[in-house]
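Participant: Here's a structure for you.
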Amino acid sequence: MKLLNRLTFTLLASLLITASYAQEAPPTGQVLDKIVAKVDNYILLESDVQKAYMEALAQNQQGQMAPTRCDVFESLMINKLMAAKAEVDSVIVTDAEVMLQTEQRFSMVMNQFGGDESTLVEAYGKTSDQLKAEIEDVIREQLIVQRMRTQITEGLTVSPNDVREFYNSIPKDSLPLFTSEATVGQIVVKPKVNPKTKDDIFNQLNQFKKDIGEGKADFADLARQYSEDPGSGAQGGDLGFFRRGELAPEFEATALALKPGELSDPVETDFGVHLIQLLERRNDGSFNTRHILRIPKATTADIEKAERFLDSLRTEIEAGKLDFAKAAKDFSDDRTTSDAGGFFTDPSNNSNRLSLRTLDDPSLYFLLDSMEVGDITKPMQFQDPREGTKVRILYYKAKYPAHRANMEDDYEKLKAAALRKKEDDILSTWFVTAKEDIFIDLDPSYDRCNALAEK
């Protein structure tokens, strides 16, 4: 199945979310959208294909052939097939899972607009409720597809010999060409907020609790005005239903100790300080809460203290008294990199050799361009979309010139590609039988793609 060799379901699932909320240029002419595929109760629109195709071209990885429109259409269609087949096979994704990820994704969108709904409406032409509903639909399908793919390919591994055979099967003149790559690490410190700032927030939330209890204020109004959770704040603080283990432990323990309608004392989690009200508990163990979230902000003095700490680490590392990777594991507050010794990794293959465009922060590209291999920066401030100002030092460990793929330099990439090839073979076999169980109707304009042919 050639499309699976060019595009993975995981990539397309993420593209659907990214593409759906990319700002589009004003149309130059009237283009009528239409349904181009029906897969049981799921539909695929022409606009879905167009958005995903443009995004796939923009994000096409180095060394890979650019996807065709048919590749994208087939992959999106098979996503729909997986979602439809999941219903037949009773693959379950809970509402709580969907809601949790929807809130996280919506918070990211709102943060891009400073939590201002009017700016959001101006940019997308949709209210926060409309946008959240669209995100929820995409998230649900994404989770279902991921779960189906995992179920179909469960337990699949590749050995060193598999990787070697995969590499040898590629004609030498067809081996991918990788652009220059780098290994870059970071140690991140989240400034510790001074006690007075936290005390002020606890006092404010205690006053809110008192005012609500005395009927002087309405919980929903206060949440809309003061809550720093952009996802639930606009909904009067309502978080919807969750099951045990799906929220922060401190939040959950506090909420479940309440009676319906009761307000908690302020409670602190990794997200900030919450005033919680339990709204409802169900027999299945799920519960519905609303909250007002206040996030303690670090002062200039707090940030400067973090900078001094990182500067002392940098001095010890440069003097050879402390290993960078050990310092990252012991002291970095960024869990996505600290477990890898502070080094950025490519999520598609877990390699710490990556092209600079793979880094999440584009500004790092220009910074590294001014550094020499072996350099460690002085402490620098940067903005975390969810947690505010943080401080980090960067270590430019190594740089690798452009080259053709080879076993010595690119083993992890080749291992990931070999695993994808195995998965593709299994999914190709699955596709042949699964399509017989599901009603599929394709628009004639895509007949040329031969999407239902055995490949």
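Participant: With every protein chain left in place, what is the accessible area of E165 in Å² (1.4 Å probe, nearest 10)?
Facilitator: Spelled out: E165, probe radius 1.4 Å, area about 110 Å².
Participant: Arrange the peptides 142-155, 340-353 so that the one whose residues have, on average, the most other Cβ atoms within 10 Å appears first.
Facilitator: For the peptides 142-155, 340-353, the packing ranking is 340-353, 142-155.
Participant: What accessible area per residue, rounded to a whole number of Å², is obtained for the chain using a probe radius of 1.4 Å?
Facilitator: Numbers: 23550 Å² over 455 residues.
The answer is 52 Å² per residue.
Participant: With no solvent and one equal point scatterer per Cα, compute the Debye intensity ratio I(q)/I(0) for segment 197-293 at 0.25 Å⁻¹ and report its log10, rounded to two decimals.
Facilitator: -1.48
Participant: Then there is this: Using a 1.4 Å probe on the protein chains only, how many percent of the accessible area of the chain belongs to carbon and sulfur?
Facilitator: 50 percent
Participant: Taking 7 Å along the Cα-to-C-beta vector as the label spot, tell me the Q50-D311 distance in nanometres, rounded to one decimal.
Facilitator: Placing both labels 7 Å along Cα→Cβ, they lie 5.4 nm apart.
Participant: Sum -39500 (n - 2.57) across every DSSP H segment of at least 4 residues in the chain, then divide by the residue count to get the 222 nm mean residue ellipticity, nearest 500.
Facilitator: Values: 17 runs with 212 residues, N = 455.
Roughly -14500 deg cm²/dmol at 222 nm, from the helical runs in the chain.
Participant: Computed from the mean reciprocal separation of all distinct C-alpha pairs, what Kirkwood hydrodynamic radius does segment 49-172 have, in Å?
Facilitator: Hydrodynamic radius (Kirkwood, Cα only) of segment 49-172 equals 17.7 Å.
Participant: For segment 385-452, compute Rh as the Kirkwood radius over C-alpha pairs and then the Stokes-Einstein diffusion coefficient at 25 °C and 0.890 mPa s; write the answer in µm²/s, rounded to an integer.
Facilitator: Estimated diffusion coefficient is 139 µm²/s.
Participant: Would you mind checking segment 138-174 for residues with the amide N under 18 Å from a putative spin-label position 7 Å along Cα→C-beta of K422?
Facilitator: 149-170, by backbone N distance to the label point.
Participant: Between D89 and T197, what is the spin-label point distance in nm, taking each point 7 Å from the Cα along the Cα→C-beta axis?
Facilitator: 4.8 nm
Participant: Given a cut-off of 31 Å, name the pairs among K297/K329; K132/K413; K192/K326; K126/K210; K196/K321; K297/K326 whose C-alpha atoms lie farther apart than that in the structure shown.
Facilitator: The pairs that break the limit, which is 31 Å between Cα atoms, are K132/K413; K126/K210; K196/K321.
Participant: I need two numbers for segment 169-226: Rg to one decimal and Dmax as a whole number, Cα atoms only, in Å.
Facilitator: 27.2, 77
Participant: Also, I was wondering about something else. Given 25 °C and 0.890 mPa s, how large is the Stokes-Einstein diffusion coefficient of the chain in µm²/s, with Rh as the Kirkwood radius over Cα pairs?
Facilitator: 97 µm²/s
Participant: Hey, could you grab the Kirkwood Rh for segment 249-300? Inverse mean 1/r over distinct alpha carbon pairs, Å, one decimal.
Facilitator: 11.6 Å
Participant: Here's a follow-up. Among 446-453, 51-58, how do they line up from the highest to the lowest mean number of other beta-carbon atoms within 10 Å?
Facilitator: Highest mean packing first, the order is 51-58, 446-453.
Participant: Using 7 Å Cα-to-Cβ label points, what is the Q204/N450 separation (nm, one decimal)?
Facilitator: Roughly 6.3 nm, to one decimal.
The values are calculated or read from the model by the stated rules, or taken from the named source; none is laboratory data. Please read all numbers here as calculations on a predicted model, not as lab measurements. Neighbour counts are summed over all protein chains in view; Cβ atoms, including those assigned to glycine, are modelled from backbone coordinates with ideal geometry. Heads up: the accessible areas ignore ligands, DNA and RNA and are worked out on the full protein's heavy atoms, side chains in. Shrake-Rupley method; radii C 1.70, N 1.55, O 1.52, S 1.80 Å.
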